[in-house]
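The values are calculated or read from the model by the stated rules, or taken from the named source; none is laboratory data. For clarity, every value in this text was computed on a predicted model and none was experimentally measured. Counting neighbours? That spans all protein chains shown, and the Cβs are built from the backbone with ideal geometry, glycine included.
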Amino acid sequence: MSITTGRGDDGSTDLMFGRRSAKTDVRMEAIGSVDELNCALGLARIEAGKVLDESIDRLQGHLVGLMGELAVLPEDATRYEDSGHPSIGAEEVAMVESLARKLEKGGISFDGWARPGANGNRSGAQLDFARTVCRRAERRVLALGEGVPNDSIPLFLNRLSDLLWLLARQSEGGD
């Protein structure tokens with residue numbers, strides 16, 4: 001199977017369950033923003049090395065599932081739930097919250113606004129970049145309104161951006 005099919009030459013793309021959408025649709029903006037977040041986390045993962053590899057891998061896995069879930073139109077939500085595909089739920093939100101609380105209890109300190117890269121820490125800057133992409137992804141998902149029947153998705157992205165902020169501060173030596 002070739003990745004180059006020509007099916008998108010008309011400005012549309014595939015969603016789950018054989019549906020199609022315009023590439024300029026707000027849903028595609030949301031999916032694309034989460035895809036960019038996944039890539040930004042990949043850069044942070046390489047830079048941070050083994051210290052964050054397992055945590056970032058776990059988060060990236062959830063993001064891949066989240067993109068699949070966003071690629072479902074509301075009328076197919078039940079079909080998606082019944083399909084066994086991954087879904088973001090309260091457990092995933094709680095996992096991100098737990099990681100953030102653990103960092104906060106570890107004594108992360110900071111002084112005012114973050115200035116990514118100011119101290120020459122590439123890993124922290126990459127995590128801050130991922131955080132800003134995460135915030136954009138959250139806004140794009142919220143713009144879908146009722147087009148996202150799973151309320152856990154925006155919560156997950158919101159908590160993830162907080163976690164990324166804390167990880168950046170930790171990487172910069174703020175612990």
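A few remarks follow.
- Selection within region 121-151 - within 18 Å of V51 (Cα to Cα), among the polar types (S, T, N, Q) and in a helix (DSSP H, G or I): S123, Q126
- Annotation: of all residues in region 25-65 being at pLDDT 95 or above and in contact with a Phe, Trp or Tyr (Cβ under 8 Å, 6 or more places away or on another chain), the one that is farthest from P154 (Cα to Cα) is A40.
- Restricting region 1-12 to residues that are of a type in the set (S, T, Y) and either in a loop (DSSP other than H, G, I, E, B) or touching a Ser or Thr at 6+ places or on another chain (Cβ under 6 Å) (or both), the residue that is surrounded by the most Cβ atoms within 10 Å (Cβ to Cβ): T5
- Extreme residue, surrounded by the fewest Cβ atoms within 10 Å (Cβ to Cβ), among residues of region 88-113 that are assigned to a loop (DSSP other than H, G, I, E, B) and in contact with a helix residue (DSSP H, G or I) (Cβ under 6 Å, 6 or more places away or on another chain): F110
- Among residues of region 13-31 being on the phi < 0 side of the Ramachandran plot, without any contact (Cβ under 8 Å) to a residue 60 or more places away in the chain and in a helix (DSSP H, G or I), the one that is surrounded by the most Cβ atoms within 10 Å (Cβ to Cβ) is I31.
- Subset of region 102-144 (residues that are in contact (Cβ under 8 Å) with a residue 24 or more places away in the chain, over 30 Å from A77 (Cβ atoms) and small (G, A, S)): G106, G107, S109, A114, S123, G124, A125
- Enumeration of residues in region 55-74 that are of a type outside the set (G, A, S), under 21 Å from K23 (Cβ atoms) and out of contact with any Lys or Arg (no Cβ under 9 Å at 6 or more places or on another chain): L63, V64, L66, M67, E69, P74
- Scanning region 145-174 for residues that are within 16 Å of the chain's Cα centre (by Cα) and without any contact (Cβ under 8 Å) to a residue 12 or more places away in the chain yields a single hit, D151.
- Only one entry of A168, A125, A143, A100 meets the criterion of being among the small types (G, A, S), farther than 24 Å from G42 by Cβ and modelled with pLDDT of 90 or more, and that entry is A143.
- Test: E69 is of a type in the set (D, E), in contact with a Pro (Cβ under 9 Å, 6 or more places away or on another chain), surrounded by 15 or more Cβ atoms within 10 Å (Cβ to Cβ) and under 25 Å from A143 (Cβ atoms): yes
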